[in-house]
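Written below as structure tokens is the structure these notes are about.
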Amino acid sequence: MDIIKFLDGFTNEALLEGKPSRRAMFGTLGSLGKKAVLGAIPFGLATMPNKTFAQDSGTDPVGALQLALTLEYLEDEFYDLALQSGVLPSGRPETVYMQISKHEQAHVDFLIAGLEGAGVTPVEKPTFDFTAGGAFDPFNENGVGQETAYAQLLALAQAFEDTGVRAYKGQAGNLLGSDFLTPALQIHAVEAMHASEVRRLRGLKGWITNNERGAGMPEATQAVYNGEENVIQGGVDVTTLGNDAPFGMEASTEAYDEPLSGDDAVAIASLFIVSE
Amino acid sequence: MEKSIVKVKPVKKATNRRQFIKLGGMGVVGASLLVACSNDDNGMAMMPDPDPNPNPDIFDLGQGDLGVLNYAYALEQLEADFYTKVVNSFYGNITDEERQVLTDLYYHEVNHRDFFKTAITAAVDGNTDLVLPTLEFDYGDLDFGNREQVLTTASVLEDTGVAAYNGAGRLISDPGYLLLAGKIVSVEARHASAIRTLLNPGSADFAGDDYVTTDNGLAAALDPSAILAAVGDTGFITTPFTANNLP
């Protein structure tokens, strides 16, 4: 399956040109948000920066938070269904998923409260399809078997957490000067703690080497890792800072997580969103 | 009023102060790192002095983005130095997994440290008077041959690093520096998670309730003054410096 083509088709048809889709909502809020939020700003989290919102992607704090909420909806429902599926072994896997699930639920509630506090209507929860159109069966609903379902359950969790880390990072600039920045960073770090644990539960390192998705990850998840091979940080090629192992490609790519653009994050999430 | 100077202090246990990062089964040494956010406010949250650096013999981190970069550089120097000592004399009976994790953390922190030195030097056009000097360290009674002491200290350092970057983000005005901090903090959080699991395998500690607030799912975020007070109390950093222009 050509996943990129699939994603492109999906985002173009379902999101860009479809009915009031997530993407359209992002777009609308992206442009509306500036004025809406400026008008509604004086309370709570949403204190406005005294600088322009103009960002490369045309998003702003509201767009950033709506994207974050969409990703949190996805994670929250995923872990709820995972815990209900009977696929997760008891012990460490169940303990880990329960802890993560608790956080994702809290993130959803927190973001909804933050947006509403800013006078903005939060995006609605999309309809999710964690089989991605039949490609996966993580909850063993279609008879793929417990073992395979569990492997997919772990693989999807890894993809969602690593995506979350990159997506929040990609939105940090849009939150610069906003009181939303610190909480977003606080969530970002929690997603990274989750990602590390899920990766290690799968037998991988907690950090991302080069742009490797890691053993056992479906090719469909490669989009989550593309770009992680970057070694230019702040204009400095960090592999040139020394000759020993800390400055090799592996360590130099592991030591820095890379951002995802809002569009790329939406494209990944869209795999699991049913078009309306 | 002069603000705190990070300097040698005897390693001592936190007793009557609120622990901002609670650890189960604390080792002896890590405890003194846990004393930020205490009630015994010693004035560090006050406004900057009229003279931004009243004691020119002691390096001040500076203000604005430069101050934040120097602050991060200080923390990365500490982490890098600590892991260098860890990997140069691993504790006995170390598992393969522990060796791999600690070696990777050593690589990453050394990379971060040297990156900050280069980036800050470039940012100030090579005016090294504005770049935090190479710090010196003393771990006192910390026994690098003791697994629990090493992992507990590592855990505190990583937890502290995450809280530090989370709290410093809002102090950054340049989007490029903010992104860099973001690239690094999530790796520190991945470290924190891994070390926590090494200390308590199979538990929920990887993002434990002691570190992630249960009702909102937010990890810790602390101002430089709180972080530096905690670091100062460890006595690990023996080179004095001030942070008179950071909150």
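The values are calculated or read from the model by the stated rules, or taken from the named source; none is laboratory data. Everything quoted here is computed from the prediction, not taken from an experiment. Neighbour counts run over all protein chains shown; Cβ positions are idealised from the backbone, glycine included.
Can you say whether residue A:233 is of a type in the set (S, T, N, Q), within 11 Å of another protein chain (Cβ to nearest Cβ), in contact with a Gly (Cβ under 9 Å, 6 or more places away or on another chain) and farther than 16 Å from residue A:157 by Cβ, as far as the supplied structure shows?
No: the conditions fail for residue A:233.
When the test is whether a residue is more than 7 Å from chain A (Cβ to nearest Cβ), under 16 Å from the mean Cα position of the chain (by Cα), surrounded by fewer than 23 Cβ atoms within 10 Å (Cβ to Cβ) and of a type in the set (Ser, Thr, Tyr), residue B:238 passes it.
Within region A:136-161, being outside any helix (DSSP H, G or I) and surrounded by fewer than 16 Cβ atoms within 10 Å (Cβ to Cβ) holds for A:141, A:142, A:143, A:145. For region A:94-135, the set of residues classified as in a loop (DSSP other than H, G, I, E, B) and acidic (Asp, Glu) consists of A:124, A:129, listed by residue number. Of A:220, A:265, A:215, all but one fail to be more than 9 Å from chain B (Cβ to nearest Cβ) and modelled with pLDDT under 95; the exception is A:220.
Does residue B:196 satisfy the criteria of being buried (at least 24 other Cβ atoms within 10 Å of the Cβ) and either more than 20 Å from residue A:188 (Cβ to Cβ) or in contact (Cβ under 8 Å) with a residue 40 or more places away in the chain (or both)? Answer is yes for this residue. A single member of B:205, B:215, B:141 is over 18 Å from the mean Cα position of the chain (by Cα) and over 26 Å from residue A:194 (Cβ atoms), and it is B:141.
Restricting to region A:188-200, name every residue that is facing chain B (nearest Cβ under 7 Å) and of a type in the set (A, V, I, L, M). Hits for region A:188-200 are A:189, A:190, A:192, A:193, A:195.
State yes or no: is residue A:172 part of a helix (DSSP H, G or I), among the small types (Gly, Ala, Ser) and buried (at least 19 other Cβ atoms within 10 Å of the Cβ)? Yes. Of the candidates B:119, B:168, the single residue that is under 29 Å from residue A:186 (Cβ atoms) and surrounded by fewer than 24 Cβ atoms within 10 Å (Cβ to Cβ) is B:119.
Considering region A:240-276, the residues that are surrounded by 17 or more Cβ atoms within 10 Å (Cβ to Cβ) and among the polar types (S, T, N, Q) include one that is farthest from residue A:189 (Cα to Cα), namely A:270. In region B:99-121, of all residues being of a type in the set (Phe, Trp, Tyr) and in contact with a Leu (Cβ under 7 Å, 6 or more places away or on another chain), the one that is farthest from the other protein chains (Cβ to nearest Cβ) corresponds to B:116. Please verify whether region B:219-226 includes one or more residues that are in a loop (DSSP other than H, G, I, E, B), within 7 Å of chain A (Cβ to nearest Cβ) and surrounded by fewer than 24 Cβ atoms within 10 Å (Cβ to Cβ). Yes, that holds for at least one residue. Filtering region A:166-187 to residues that are at the interface with chain B (Cβ under 7 Å from one of its Cβ atoms) and touching a residue at least 24 places away in the same chain (Cβ under 8 Å) leaves A:169, A:172, A:173, A:176, A:183, A:187.
I'd like to know if region A:264-271 contains one or more residues that are under 12 Å from the mean Cα position of the chain (by Cα) and not aliphatic (A, V, I, L, M).
For region A:264-271, residues under 12 Å from the mean Cα position of the chain (by Cα) and not aliphatic (A, V, I, L, M): present.
Could you please find all residues in region B:181-211 being facing chain A (nearest Cβ under 7 Å), within 30 Å of residue B:124 (Cα to Cα) and either in contact with a Leu (Cβ under 9 Å, 6 or more places away or on another chain) or assigned to a loop (DSSP other than H, G, I, E, B) (or both)? If the condition is that a residue be facing chain A (nearest Cβ under 7 Å), within 30 Å of residue B:124 (Cα to Cα) and either in contact with a Leu (Cβ under 9 Å, 6 or more places away or on another chain) or assigned to a loop (DSSP other than H, G, I, E, B) (or both), then B:182, B:185 are the ones that fit.
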